[in-house]
Amino acid sequence: MARTSAPSITRIPADFDRWDDVLALIMRAFAFMDGVIDPPSSAHRLTVDSLRDKARLESGFVALDSDRIVGCVFAIERADDFYVGKLAVEPDCQGQGIGRRLMRAVEILALDRGKAALELQTRIELTANHAAFARLGFHETERTAHEGYSRPTSITMRKALS
(Lines give C-alpha, C1' and ligand atoms only; values in the text may rest on other atoms or scores of the structure.)
Protein backbone atom coordinates (compact mmCIF):
# COMPACT_ATOMS: atom_id res chain seq x y z
CA MET A 1 0.00 0.00 0.00
CA ALA A 2 1.41 3.40 -0.97
CA ARG A 3 1.89 5.99 1.74
CA THR A 4 -0.37 9.02 1.36
CA SER A 5 1.52 11.36 3.68
CA ALA A 6 4.92 11.74 5.28
CA PRO A 7 5.45 10.15 8.69
CA SER A 8 4.69 12.44 11.62
CA ILE A 9 7.51 13.48 13.96
CA THR A 10 6.45 13.29 17.60
CA ARG A 11 8.25 14.07 20.83
CA ILE A 12 8.41 10.94 22.98
CA PRO A 13 5.93 11.49 25.84
CA ALA A 14 6.57 10.60 29.48
CA ASP A 15 4.06 7.71 29.32
CA PHE A 16 5.57 6.18 26.16
CA ASP A 17 5.34 2.39 26.27
CA ARG A 18 6.78 1.18 22.96
CA TRP A 19 10.42 0.86 23.96
CA ASP A 20 10.60 -2.65 22.51
CA ASP A 21 9.66 -1.20 19.10
CA VAL A 22 12.28 1.56 19.40
CA LEU A 23 14.96 -0.94 20.41
CA ALA A 24 14.11 -3.21 17.48
CA LEU A 25 14.20 -0.22 15.11
CA ILE A 26 17.65 0.86 16.36
CA MET A 27 18.99 -2.68 16.02
CA ARG A 28 17.70 -2.98 12.43
CA ALA A 29 18.98 0.47 11.46
CA PHE A 30 22.42 -0.12 12.98
CA ALA A 31 22.81 -3.74 11.79
CA PHE A 32 24.76 -2.72 8.68
CA MET A 33 27.58 -1.52 10.97
CA ASP A 34 28.26 -5.01 12.32
CA GLY A 35 31.64 -6.13 11.01
CA VAL A 36 32.29 -2.63 9.60
CA ILE A 37 33.02 -0.51 12.66
CA ASP A 38 35.54 -1.29 15.38
CA PRO A 39 34.74 -1.23 18.27
CA PRO A 40 31.19 -2.53 17.78
CA SER A 41 28.26 -0.14 18.13
CA SER A 42 27.04 0.81 21.59
CA ALA A 43 23.56 -0.04 20.25
CA HIS A 44 24.35 -3.65 21.20
CA ARG A 45 24.35 -2.61 24.87
CA LEU A 46 20.87 -1.04 24.70
CA THR A 47 17.92 -2.65 26.42
CA VAL A 48 14.30 -1.62 26.84
CA ASP A 49 15.17 -0.45 30.36
CA SER A 50 18.24 1.53 29.27
CA LEU A 51 16.22 3.24 26.52
CA ARG A 52 13.54 4.15 29.06
CA ASP A 53 16.27 5.58 31.31
CA LYS A 54 17.83 7.42 28.34
CA ALA A 55 14.50 9.10 27.65
CA ARG A 56 14.33 10.36 31.24
CA LEU A 57 17.62 12.25 30.71
CA GLU A 58 17.31 13.13 27.04
CA SER A 59 14.72 14.43 24.63
CA GLY A 60 13.56 11.81 22.17
CA PHE A 61 11.53 11.95 18.98
CA VAL A 62 9.94 9.22 16.91
CA ALA A 63 8.75 9.22 13.32
CA LEU A 64 5.39 7.49 12.97
CA ASP A 65 3.99 6.16 9.72
CA SER A 66 0.44 5.41 10.81
CA ASP A 67 1.19 3.32 13.92
CA ARG A 68 4.61 2.07 12.75
CA ILE A 69 7.69 3.64 14.32
CA VAL A 70 9.99 4.26 11.34
CA GLY A 71 12.59 6.52 12.96
CA CYS A 72 13.95 7.90 16.21
CA VAL A 73 16.54 10.28 17.59
CA PHE A 74 17.69 11.25 21.07
CA ALA A 75 19.42 14.46 22.17
CA ILE A 76 20.79 15.59 25.50
CA GLU A 77 20.93 19.23 26.46
CA ARG A 78 24.35 20.54 27.44
CA ALA A 79 25.50 24.03 28.46
CA ASP A 80 25.91 25.42 24.93
CA ASP A 81 24.39 22.80 22.65
CA PHE A 82 22.50 19.55 22.26
CA TYR A 83 24.38 16.29 21.71
CA VAL A 84 22.53 14.07 19.25
CA GLY A 85 22.65 10.29 19.39
CA LYS A 86 20.93 7.16 18.19
CA LEU A 87 19.45 8.65 15.03
CA ALA A 88 17.85 5.63 13.39
CA VAL A 89 15.57 5.16 10.38
CA GLU A 90 14.06 1.86 9.28
CA PRO A 91 16.21 0.50 6.45
CA ASP A 92 13.21 0.26 4.10
CA CYS A 93 12.38 3.94 4.77
CA GLN A 94 15.85 5.45 4.38
CA GLY A 95 16.30 8.10 1.71
CA GLN A 96 12.81 9.54 2.25
CA GLY A 97 13.84 12.54 4.41
CA ILE A 98 12.83 11.00 7.74
CA GLY A 99 16.28 11.43 9.28
CA ARG A 100 16.38 15.03 8.07
CA ARG A 101 12.99 15.71 9.68
CA LEU A 102 14.04 14.06 12.95
CA MET A 103 17.18 16.19 13.04
CA ARG A 104 15.08 19.29 12.29
CA ALA A 105 12.93 18.50 15.34
CA VAL A 106 16.09 18.45 17.48
CA GLU A 107 17.24 21.75 15.91
CA ILE A 108 13.92 23.41 16.77
CA LEU A 109 14.16 22.13 20.35
CA ALA A 110 17.73 23.43 20.63
CA LEU A 111 16.77 26.84 19.24
CA ASP A 112 13.78 27.02 21.60
CA ARG A 113 16.19 26.37 24.49
CA GLY A 114 18.63 29.07 23.27
CA LYS A 115 21.37 26.68 22.17
CA ALA A 116 23.86 27.68 19.49
CA ALA A 117 24.72 24.27 18.04
CA LEU A 118 24.13 20.56 17.67
CA GLU A 119 26.96 18.06 18.03
CA LEU A 120 27.22 14.37 17.25
CA GLN A 121 29.74 11.64 16.68
CA THR A 122 29.89 9.19 13.83
CA ARG A 123 32.27 6.30 13.36
CA ILE A 124 35.35 6.83 11.24
CA GLU A 125 34.45 3.96 8.90
CA LEU A 126 30.96 5.27 8.07
CA THR A 127 31.84 7.68 5.26
CA ALA A 128 28.27 7.73 3.91
CA ASN A 129 27.12 8.96 7.34
CA HIS A 130 29.78 11.71 7.29
CA ALA A 131 28.46 12.85 3.91
CA ALA A 132 24.82 12.70 5.06
CA PHE A 133 25.56 14.83 8.13
CA ALA A 134 27.59 17.26 6.00
CA ARG A 135 24.51 17.67 3.77
CA LEU A 136 22.59 18.58 6.93
CA GLY A 137 25.10 21.35 7.71
CA PHE A 138 27.47 19.54 10.07
CA HIS A 139 31.24 19.85 9.80
CA GLU A 140 34.04 17.85 11.37
CA THR A 141 35.57 19.36 14.50
CA GLU A 142 37.77 16.54 15.81
CA ARG A 143 38.67 12.87 15.68
CA THR A 144 38.77 10.79 18.83
CA ALA A 145 39.64 7.24 19.83
CA HIS A 146 37.62 4.87 21.97
CA GLU A 147 39.39 3.62 25.08
CA GLY A 148 42.09 1.10 24.18
CA TYR A 149 42.48 2.29 20.56
CA SER A 150 45.52 4.17 19.28
CA ARG A 151 43.81 5.24 16.04
CA PRO A 152 40.80 7.54 15.64
CA THR A 153 37.53 5.62 15.83
CA SER A 154 35.04 8.51 15.81
CA ILE A 155 34.53 11.85 14.13
CA THR A 156 32.88 14.67 16.06
CA MET A 157 30.67 16.86 13.89
CA ARG A 158 29.01 20.14 14.80
CA LYS A 159 26.32 22.33 13.29
CA ALA A 160 25.90 25.99 14.22
CA LEU A 161 22.27 27.01 14.59
CA SER A 162 20.77 30.35 13.68
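Some observations on this one:
- Förster radius 30 Å - calculated FRET efficiency between ALA6 and ASP53 (Cβ-Cβ, nearest 0.05): 0.50
- Pairs of alpha carbons in the chain separated by more than 27 Å make up 22% of all such pairs.
- Rounded to whole Hz, the Karplus (6.51, -1.76, 1.60) HN-Hα couplings of segment 9-22, x for glycine and proline: 9, 10, 5, 5, x, 4, 9, 4, 10, 10, 5, 5, 5, 5
- Over all pairs of different C-alpha atoms in segment 2-49, the reciprocal of the mean inverse distance, the Kirkwood hydrodynamic radius, equals 13.1 Å.
- Cα gyration tensor, segment 34-77 - rounded (a/c under 1.5), prolate or oblate: oblate
- Comparing Cα centroids, segment 14-75 and segment 80-145 end up 15 angstrom apart.
- Qualifying chymotrypsin sites (Phe, Trp or Tyr not before Pro) for segment 53-154 [loop in DSSP, other Cβ within 10 Å: at most 16]: TYR149
- Of the GluC sites (Glu not before Pro) found in segment 71-158, those in coil by DSSP whose Cβ has at most 15 other Cβ atoms within 10 Å are GLU125, GLU147.
- Helix content alone sets the calculated 222 nm mean residue ellipticity of the chain: runs of n ≥ 4 DSSP H residues at -39500 (n - 2.57) each, divided across all residues, give -8500 deg cm²/dmol.
- When you restrict to C-alpha pairs under 8 Å that are six or more residues apart and normalise by the size of segment 24-142, the relative contact order lands at 23 percent.
- Heavy-atom accessible surface of segment 1-138: percent carbon and sulfur, 1.4 Å: 52 percent
The values are calculated or read from the model by the stated rules, or taken from the named source; none is laboratory data. A quick note: this is a predicted structure, and the numbers were derived from the prediction, not measured. Backbone-built Cβ (ideal geometry, glycine too); neighbour counts: all protein chains shown. Note: accessible area is taken over every heavy atom of the protein model, side chains too, but ligands, DNA and RNA are not part of it. Shrake-Rupley method; radii C 1.70, N 1.55, O 1.52, S 1.80 Å.
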